[in-house]
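> One structure is given below, represented as structure tokens, and several questions about it will come after.
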Amino acid sequence: MRSARPAATRPAARLTAPTGKETALSLAPKSRLCIAALLVPLALVGCGSGGGGASTDGSGALTIYSGRDQEYVGPLIDRFKKQHPEIDVKVRYGSSSELAATIREEGDRSPADLFFSQDAGALGALQQSSLLGKLPASILDRVESKYRSAAGDWVGITGRVRVLGYDSRAVKPDQLPKSVFDLTKPEWKGKVGWAPTNASFQSFVTAMRLEKGDAATLDWLEAMKSNDTQPYEKNSQIRDAVANGEIKVGLINHYYILEGIKEGEAKGDDYPVKIHFFPGGDVGSLVNVAGVGILRSASNQKAARLFTEYALSEKGQQYFVEETGEYPLVKGVDPDPSLPALADIQSPNVDLADLSDLEGTLALMRKAGVL
């Protein structure tokens, strides 16, 4: 685990790497890059797919669009760079849904080689747009079939579970809701936190649409809003609000609570926020993945595959177990001992490949007035 630090001082995620060895990509349109290339004789053959001139061993530039915060994947990328100094890694950080939309707008002219998404939904959206290339079986076969694309376009790197974080000082276990739909009851008015702009939350809403239909999902969103559910930008902010007594419970990913517990232990504190898994296959216990897709237009396919292989290696998987508390997806690597086995979680029967309709989910959330 990372060294402990006060939760309130944790820096917010940035859209680009501010300084240091990682290179933050310009947010300028690709057309400007092409114009710049013309001003440097013989420096670049051209812009768009296939223009990178990467060698067969993967050396050269690797451009990653990361929907995962730099805090969580930056150290892994640094480790990869040390193992492959011949690869010049460039990273652009942002939200998964925004980066997926950017890639769709850029199309085959995207400078990205690889997309590291916070959730499966954004990867599915790119797959539907035919922007991802096929991954080799040597990569796909490392992960159980339900945590990767059946078409072979993307693969899960880590697992994360939607849970309810609760203040154990104020809420007893027998008071916890049995379903996420119970949070609309009067006793939870003003006591619940959520993050409507977060990609993981949006995938959870997409799963609810698949399980219950749009009408029921819209009713739930509107009822939650009417019940004065408190909005936050990030999962970590929800967790901290529960820890500070601002709210009683919050809908977040499991590993944020695990991080808080570890930091509390390091300081000798009994961290108050505990994990509640909704039982009975409730959609509130959705198991999603953070995953990787390699763009069909990638100029450095080899380097993109090398990074994916590293993230799925024993070293890469162990990094996520120890440093972020996420579930490993490669057989033979165990999760944090405080967590139940992934197979033991009573999650809904949702095909992650079906979480691709982000646009439909965002439209429904706007209709409900939560975006």
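The values are calculated or read from the model by the stated rules, or taken from the named source; none is laboratory data. Keep in mind that this is a model prediction, so the values were computed, not measured. Glycine gets a Cβ as well: all are built from the backbone with ideal geometry, and neighbour counts include every protein chain shown. Surface areas here come from the heavy atoms of the whole protein model, side chains and all, with no ligands, DNA or RNA. Shrake-Rupley method; radii C 1.70, N 1.55, O 1.52, S 1.80 Å.
> Of the residues ALA303, ALA298, which single one is touching a Leu at 6+ places or on another chain (Cβ under 9 Å), assigned to a helix (DSSP H, G or I) and open to solvent by less than 60 Å² (accessible area, probe 1.4 Å)?
After applying the criteria, what remains is ALA303.
> I've got another one for you. What is the one condition in (1) open to solvent by 20 Å² or more (accessible area, probe 1.4 Å); (2) within 16 Å of TYR65 (Cα to Cα) that LYS146 does not satisfy?
So the condition that LYS146 fails would be (2).
> Report the residue count in segment 334-355 for those that are in a loop (DSSP other than H, G, I, E, B) and either within 15 Å of the chain's Cα centre (by Cα) or under 20 Å from TYR256 (Cα atoms) (or both).
Looking only at segment 334-355, we keep the residues that are in a loop (DSSP other than H, G, I, E, B), and these are 334-341, 345-351, 355.
In the following step, the residues that additionally are either within 15 Å of the chain's Cα centre (by Cα) or under 20 Å from TYR256 (Cα atoms) (or both) were identified as 334-341, 345-347, 355.
Residues that pass the stated criteria total 12.
> So which residues in segment 164-178 are more than 10 Å from VAL273 (Cβ to Cβ), open to solvent by 100 Å² or more (accessible area, probe 1.4 Å) and part of a loop (DSSP other than H, G, I, E, B)?
LYS172, LYS178
> Take segment 242-261 and flag every residue that is open to solvent by 10 Å² or more (accessible area, probe 1.4 Å) and β-branched (Val, Ile, Thr). Before you say what the answer is, go through the steps one by one.
To start, the set of residues in segment 242-261 that are open to solvent by 10 Å² or more (accessible area, probe 1.4 Å) comprises 243-246, 248, 256, 261.
Once the filter is applied, which keeps residues that are open to solvent by 10 Å² or more (accessible area, probe 1.4 Å) and β-branched (Val, Ile, Thr), segment 242-261 yields only ILE261.
> Looking for something open to solvent by less than 20 Å² (accessible area, probe 1.4 Å) and either of a type in the set (Phe, Trp, Tyr) or farther than 26 Å from GLY121 by Cα (or both) - is there at least one such residue anywhere in segment 229-241?
From segment 229-241, those open to solvent by less than 20 Å² (accessible area, probe 1.4 Å) are 229, 235-236, 238-239, 241; that's our starting set.
Checking which are either of a type in the set (Phe, Trp, Tyr) or farther than 26 Å from GLY121 by Cα (or both) leaves us with 241.
Looking through segment 229-241, at least one residue is open to solvent by less than 20 Å² (accessible area, probe 1.4 Å) and either of a type in the set (Phe, Trp, Tyr) or farther than 26 Å from GLY121 by Cα (or both).
> Quick check on segment 152-163. Is at least one of its residues touching a Leu at 6+ places or on another chain (Cβ under 9 Å), surrounded by fewer than 19 Cβ atoms within 10 Å (Cβ to Cβ) and of a type outside the set (A, V, I, L, M, F, W, C)?
yes
> A follow-up question, please. Are any residues in segment 314-345 at pLDDT 95 or above, among the polar types (S, T, N, Q) and open to solvent by 30 Å² or more (accessible area, probe 1.4 Å), and if so, which ones?
Correct list: GLN318 only.
> Is it fair to say ASP113 is out of contact with any helix residue (DSSP H, G or I) (no Cβ under 9 Å at 6 or more places or on another chain), modelled with pLDDT of 95 or more and more than 19 Å from ASP357 (Cβ to Cβ)?
Working: out of contact with any helix residue (DSSP H, G or I) (no Cβ under 9 Å at 6 or more places or on another chain): no; modelled with pLDDT of 95 or more: yes; more than 19 Å from ASP357 (Cβ to Cβ): yes.
The answer is no for ASP113.
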